[in-house]
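Below: the structure, in structure tokens.
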Amino acid sequence: MRSSADILVVAATARELAFGDGWRTLVCGVGPVDAAVNTAAAITEQRPDAILHVGIAGARRSAALAPTTLVIGESARYVDLRVPETFAPRVALPSPLLLAAARRALPHALLLDIGTSAQVGGTLSQRDGSPRSDTGRDHCDVECMEGFSVLRAAQRAGVPVIEVRAISNDIEEPDRNRWHFDNAFAAITAAIPTLVAEIALCVR
């Protein structure tokens, strides 16, 4: 075990990252493919002790999650993958150790399933365009484009991982001028130092 923990903080864009002396960062790119490939490459090169995946996210209007609400991923669900789970997994779970650390670091954050889709609104509809069930196993109130990919890459490499998001918009809102980008970026970057400090205590 290293004398100090090596934490890699991963986000799709640089605006979702905070920079400091206590962790390394990776801009993994937008969408499931780049996120998986770049995270896997970084793990191979750097071999971190743990990965903290952060970013902004949309939320279903019916969930009534205000902008800047912080969400800890209870699971990451790849809703675009419509094959039997015997062929490929579509659910990735966070490290229980890191999940507990995130909840200590952010006691007011919500614990929810987070859906991953390559398109905005992908968690709202089936492949044929019909609405997803509000009670089905793929139902998610929070949507992002990279979460499952980062968690899956980390898990395949045996690296503990957790996902934390800040809500920026209603998924159903088509006008991006009404999305709260700046406030959501500020919320997630402000949470990173606290999260890293708590995670580091678990993996030293």
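The values are calculated or read from the model by the stated rules, or taken from the named source; none is laboratory data. Since the structure is predicted, the reported quantities are computational estimates derived from the model, not experimental observations. For neighbour counting, all protein chains shown are included, and Cβ atoms are generated from backbone atoms with ideal geometry for every residue, glycine included.
Within the range 73-94, being surrounded by fewer than 22 Cβ atoms within 10 Å (Cβ to Cβ) and within 13 Å of the chain's Cα centre (by Cα) holds for 74, 75, 91, 93. Note on the range 175-204: residues that are in contact with a Gly (Cβ under 9 Å, 6 or more places away or on another chain) and part of a loop (DSSP other than H, G, I, E, B) amount to 1.
For the subset of the range 126-157 comprising residues that are modelled with pLDDT under 60 and more than 19 Å from residue 88 (Cα to Cα), which member is surrounded by the most Cβ atoms within 10 Å (Cβ to Cβ)? Write out each step before concluding.
Taking the range 126-157 and keeping what is modelled with pLDDT under 60, we get 126-137.
From what's left, more than 19 Å from residue 88 (Cα to Cα): 128-135.
Details: 128: 6, 129: 6, 130: 8, 131: 8, 132: 17, 133: 10, 134: 9, 135: 6.
Here the residue is 132.
Filtered by the rule that a residue be surrounded by 16 or more Cβ atoms within 10 Å (Cβ to Cβ) and not in a strand (DSSP E or B), the range 31-58 gives 31, 32, 34, 35, 36, 38, 39, 40, 42, 43, 48, 49.
Only one of the numbered conditions (1) at pLDDT below 95; (2) within 26 Å of residue 170 (Cβ to Cβ); (3) among the small types (Gly, Ala, Ser) is violated by residue 4, and that is (2).
So residue 40 clears everything in (1) farther than 15 Å from residue 159 by Cα; (2) at pLDDT 95 or above except one condition, right? Which one? With (1) farther than 15 Å from residue 159 by Cα; (2) at pLDDT 95 or above applied to residue 40, the lone miss is (1).
Name the residues in the range 19-30 that are under 25 Å from residue 4 (Cβ atoms), touching a helix residue (DSSP H, G or I) at 6+ places or on another chain (Cβ under 6 Å), at pLDDT 95 or above and surrounded by fewer than 21 Cβ atoms within 10 Å (Cβ to Cβ), would you? Listed by number, the list holds a single entry, 27.
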